[in-house]
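Student: Below is one structure. I have some questions about it.
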Amino acid sequence: MTSSYAEHDRLRVHSWRLWGVGLATAVLAGLLARAGIVVAQRFLLLPVFAPQGYGLWRDAAATAYVLGAGLVALAATVLLRVLLATTPRAMLFFGWIMAALTLFAVVIPLALHRSNEMLATCVVNFFIGLIVTTLLASAARWALTRGVRTPQPAWQGRW
């Protein structure tokens, strides 16, 4: 036997777990963005992304915002995967980077134009950043294990 204690103590990343949660987080971020737009437009009567009088989607910019939220979640998954593979204390760096990016996403709309429309965008951006950060941080804890052997997905061992 050639394994050492240090090899058994190493953290391993299970990419299939991390990417599964990353994809689910992307879908959830898109749904949260859409829900935020609907709440702002229908209940708070704030014209987010388009003037009053358009249909339910109001503008193609709303669709781009929903898709952008999903892409942000996938980019955060890539960032987390790279940090887990290359950085000691990866979760600390991930938390700080995501907090800075969320702050940036909240402040930029206010810097561009101060209005109720931008305030609603800031609130939606804050919740998207919060959800993406917390879900991916908990996914990373689930995807990391100690030891040499990596567990197989449940579907691989049954056939």
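Student: For a label point 7 angstrom out from the Cα of L110 toward its Cβ, which stretches of the stretch 125-143 have the backbone nitrogen within less than 17 Å?
Tutor: Under cut-off, by backbone N: 125-130.
Student: How do 86-98, 65-77 rank on mean C-beta neighbours within 10 Å, highest first?
Tutor: 65-77, 86-98
Read the figures in this text as sums done on the coordinates, not as results from a lab. The structure displayed is predicted, hence computed values, not measured ones. Glycine also receives a Cβ, built like all others from the backbone with ideal geometry; neighbour counts cover every protein chain displayed.
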